[in-house]
1. Relative contact order for the range 19-178: what is it in percent, counting Cα pairs under 8 Å that are at least 6 residues apart?
2. On full extension of the chain, what length is gained from ALA123 through GLU96, given 0.36 nm per residue of separation minus the C-alpha to C-alpha distance?
3. Against the empirical 2.2 N^0.38 Å scaling, what ratio does the C-alpha Rg of the range 19-178 come to?
4. So for each of 167-179, 121-133, 73-85 I average, over its residues, the number of other beta carbons within 10 Å; can you give me the resulting order with the highest mean first?
5. How large is the Rg to Rh ratio of the range 76-151 when both quantities use alpha carbon positions and Rh follows Kirkwood?
6. Would you please state which residues of the range 30-67 a label at GLU176 would reach in this model, taking the label point 7 Å out along Cα→Cβ and a backbone N cut-off of under 19 Å?
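Each value in this text was obtained by applying a stated rule to the coordinates, not by laboratory testing. These figures come from a predicted structure and were not determined experimentally. Neighbour counts run over all protein chains shown; Cβ positions are idealised from the backbone, glycine included.
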Amino acid sequence: MVDPDMGGPSRAGRPPAPQLGVFAGEEEEPVGPVNWNTLPAAEAAARWVALEAWVSWLRTAYGLSVLEIPPLWHRHDELVWELSALHQHWLACYGEGASGSAPLQWHRDFDDARHRLRRWVAACGTQGGADRPTLVASWPGQPPRDVEPARAITDRDADFQDMVRADVQERLDAAEAMATALSSPGRSGGA
């Protein structure tokens, strides 16, 4: 059976195919790395939504287990950075003008990324039904860090939305604090 919208085999029962325009952003900027540390609030919100859609497609299309992409991946920086890089790489390899062999390179890199994802998921201790923050070791001279207990995952989608709202608000607050500091009357120029 041929799917008239896709021009290929029917996708019945399979995850919807990602479309570059949806994942690359409406402005179709060139594909490049995402530095989550420097994104302004509006761009971060759009990037979170695009990454969430792509990760949902990826885990379904490739049948990935929670040992590779756990439900609360968005709560673990190491997973966000890896999945974000993989997403950008996918966009570059499947985008217009990509080499015909680029998807093969993506799949080689995806295989490497899956091994890293498994190691990080094992190290951070997140599971299918419960999650806890990634453990970060204290260095000599630093106070010991509290180990937070795992908490049950009751509504994964609501958690993602709450996290994005909190992330965007934190970025807005930081931008406002910077603007206030730069415009304060006590600020002097010169050496």
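1. 26 percent.
2. 6.0 nm
3. Relative to the rule-of-thumb radius for its length, the range 19-178 sits at 1.12.
4. Answer by packing, highest mean first, reads 73-85, 121-133, 167-179.
5. Radius of gyration relative to Kirkwood radius: 1.15.
6. Within reach of a label on GLU176: 39-45.
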